[in-house]
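Beneath this line is the structure, given in structure tokens, with notes to follow.
The values are calculated or read from the model by the stated rules, or taken from the named source; none is laboratory data. Note that this is a predicted model, so its numbers are computed, not measured. Using ideal geometry, Cβ is built from the backbone for each residue, glycine included, and neighbour counts are taken over all protein chains shown.
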Amino acid sequence: MASKDQENTGAGKVGKEPVLQAERRDFTALVPEKRERVQPMKGFDPIYTDIVDYIIRCTHRIWDERDVGLIYTHYTHNCVVYHATGTIYNREDVVHDTIKRMFMLPERRGMATQVIWNGNENDGFYTSHLVTGTGRHTQPGIYGKPTGRTFVARTIADCLIYENMIYREWLVVDSMAQVKQIGLDAQKYAEDLARPYFEKGLLAVDMGENRRLIGQYPPESKPDTAIANTDQEREVLEWLHDIHNRRMFGRIRDVYAPTVQYHGPLMKELYGHGAVTHQTVGLYASVPDGFYMPQHICSVPCEEGGIKVAVRWLVEGHHLGWGVMEELGAPSGKRVQIMGMSHFHIRDGRIVDEWTNYDEMSVLMQIKLAQMADTPSVVPAAE
């Protein structure tokens with residue numbers, strides 16, 4: 001990936017035009033015709049003019065234009081796709097999974113909300129692609145019998161890309177939003193997701209304490225900022241650590257604008273300090289020993305002013321309380337891992353928009369799997 005001293009100054013432009021940004025442009029402007037390449041992209045297909053064009057256009061070609069075979073030229077044979085409810089370890093399974101989902105939700109359209117990125121043609125690129133998906137459940141599949149109901153849900157896909165090929169991807173789909181909107185029983189669906197893992201002997205493991213507290217010491221006062229590329233990114237990691245690991249929820253008033261809009265799981269659209277504070281407190285009310293671990297951060301200048309920052313993170317802990325994830329029900333005590341991604345728009349030194357995505361369904365599935373492991377196997381009676 002890009003060296004630590006590399007910055008996306010001018011968002012990587014090499015000519016008169018900068019790299020595209022998704023927020024204010026119609027789709028036709030995001031997949032332009034007869035546009036010259038504006039960014040060095042060694043090994044990429046000629047159709048792509050910059051890295052944002054690449055990730056938006058190839059996603060559209062595969063999913064909306066139904067050219068699934070492009071996966072063979074856009075993913076490596078040994079690609080790894082980390083999904084909140086499972087992991088795919090090869091390209092052929094990516095093809096199979098795409099076909100199954102395409103059949104089940106043939107009317108789904110994934111609209112690019114924004115792409116935050118870093119990298120270059122020599123080290124490779126990293127993209128964080130926020131998509132708003134709309135559709136209708138009209139065909140059988142993993143969601144069961146078609147309900148005919150519509151849904152709107154957000155997805156964030158983070159990709160590592162080198163010479164036209166995605167070789168690693170992290171995917172957070174708000175499947176709980178989809179499941180609830182199309183009218184499925186979330187508890188039963190989570191059990192159905194967990195059962196194949198249980199039958200293969202892949203049981204949840206409770207490893208005891210997490211890394212937030214070492215013995216009886218308080219949380220570390222300073223975070224590890226080694227993943228930051230710029231001073232602004234280091235500042236973001238510092239206040240995230242204060243809020244999430246030191247539980248200094250009052251910091252939200254310092255780093256968020258009073259008029260902040262929060263776009264959260266289950267398609268929540270909330271406003272102001274109180275809403276952000278409640279959602280953050282509610283996450284740790286569900287997992288009160290949760291340790292917040294940023295895994296990647298990148299940022300780009302924003303045409304709307306300020307910068308956009310993308311953070312991929314994990315929270316590890318135990319389901320010990322009641323919180324904003326209502327479907328989890330009564331505290332189970334089970335160990336859970338929450339994979340999440342957040343996009344922040346920072347302007348005049350404060351956050352004016354936050355998009356945070358994590359999948360409550362994946363957490364519920366982990367609890368169901370751990371509960372299955374607790375249940376003694378039924379031994380068939382002797383004849």
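Just a few scattered comments:
- Test: residue in the range 230-238 that is more than 23 Å from E326 (Cβ to Cβ), in contact with a Pro (Cβ under 8 Å, 6 or more places away or on another chain) and assigned by TED's automatic domain parsing to the domain that holds M267: yes
- If the condition is being among the aliphatic types (A, V, I, L, M) and under 18 Å from M165 (Cα atoms), then the range 16-47 contributes M41, I47.
- Scanning the range 24-46 for residues that are in a helix (DSSP H, G or I) and either in contact with a Pro (Cβ under 7 Å, 6 or more places away or on another chain) or over 24 Å from M102 (Cβ atoms) (or both) gives a single hit, A29.
- Long-range neighbours under 6 Å by Cβ, at least six apart or interchain, first residue assigned to a strand (DSSP E or B) within the range 148-166, second among the charged types (D, E, K, R) and modelled with pLDDT of 95 or more: T150/R136; A153/D174; R154/D174; D158/R312; C159/E169; L160/R168
Yes/no matrix, rows are residues, columns are (1) surrounded by fewer than 18 Cβ atoms within 10 Å (Cβ to Cβ); (2) in a loop (DSSP other than H, G, I, E, B); (3) assigned by TED's automatic domain parsing to the domain that holds K180; (4) not charged (D, E, K, R):
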site: Q279; (1), (2), (3), (4): no, no, no, yes
site: G282; (1), (2), (3), (4): yes, no, no, yes
site: I297; (1), (2), (3), (4): no, no, no, yes
site: V324; (1), (2), (3), (4): no, yes, no, yes
site: M341; (1), (2), (3), (4): no, no, no, yes
site: I351; (1), (2), (3), (4): no, no, no, yes
site: V363; (1), (2), (3), (4): no, no, no, yes
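- Test: K180 is over 14 Å from the mean Cα position of the chain (by Cα), in the same structural domain as D53 (by TED's automatic domain parsing) and without any contact (Cβ under 8 Å) to a residue 12 or more places away in the chain: no
- Within the range 214-273, restricting attention to residues that are of a type in the set (S, T, N, Q) and loosely packed, with under 15 Cβ neighbours inside 10 Å, the residue that is nearest to S175 (Cα to Cα) is T259.
- Candidates T138, T49, T73, T127 - the one that is part of a strand (DSSP E or B) and not small (G, A, S): T127
Conditions tested, residue by residue: (1) assigned by TED's automatic domain parsing to the domain that holds Q366; (2) of a type outside the set (A, V, I, L, M, F, W, C); (3) over 29 Å from F344 (Cβ atoms).
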{"position": "R25", "(1), (2), (3)": "no, yes, no"}
{"position": "T59", "(1), (2), (3)": "no, yes, no"}
{"position": "I71", "(1), (2), (3)": "no, no, yes"}
{"position": "V115", "(1), (2), (3)": "no, no, no"}
{"position": "P140", "(1), (2), (3)": "no, yes, yes"}
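- Among residues of the range 115-162, those that are farther than 21 Å from Y48 by Cα and among the charged types (D, E, K, R), counted: 4
- Failed item, numbered, when M176 is tested on (1) in contact with a Ser or Thr (Cβ under 7 Å, 6 or more places away or on another chain); (2) closer than 28 Å to W117 by Cβ; (3) among the aliphatic types (A, V, I, L, M): (1)
Residue by residue, here is whether (1) buried (at least 16 other Cβ atoms within 10 Å of the Cβ); (2) among the basic types (K, R) holds:
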{"position": "Y143", "(1), (2)": "yes, no"}
{"position": "R149", "(1), (2)": "no, yes"}
{"position": "N164", "(1), (2)": "yes, no"}
{"position": "P196", "(1), (2)": "no, no"}
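- Cross-chain or 6+ apart pairs with Cβ under 8 Å, the range 214-230 first and touching a residue at least 60 places away in the same chain (Cβ under 8 Å), then part of a loop (DSSP other than H, G, I, E, B) and surrounded by 10 or more Cβ atoms within 10 Å (Cβ to Cβ): P223/N245; A228/K4; N229/A2; N229/K4; N229/Q6; N229/E7; T230/E7
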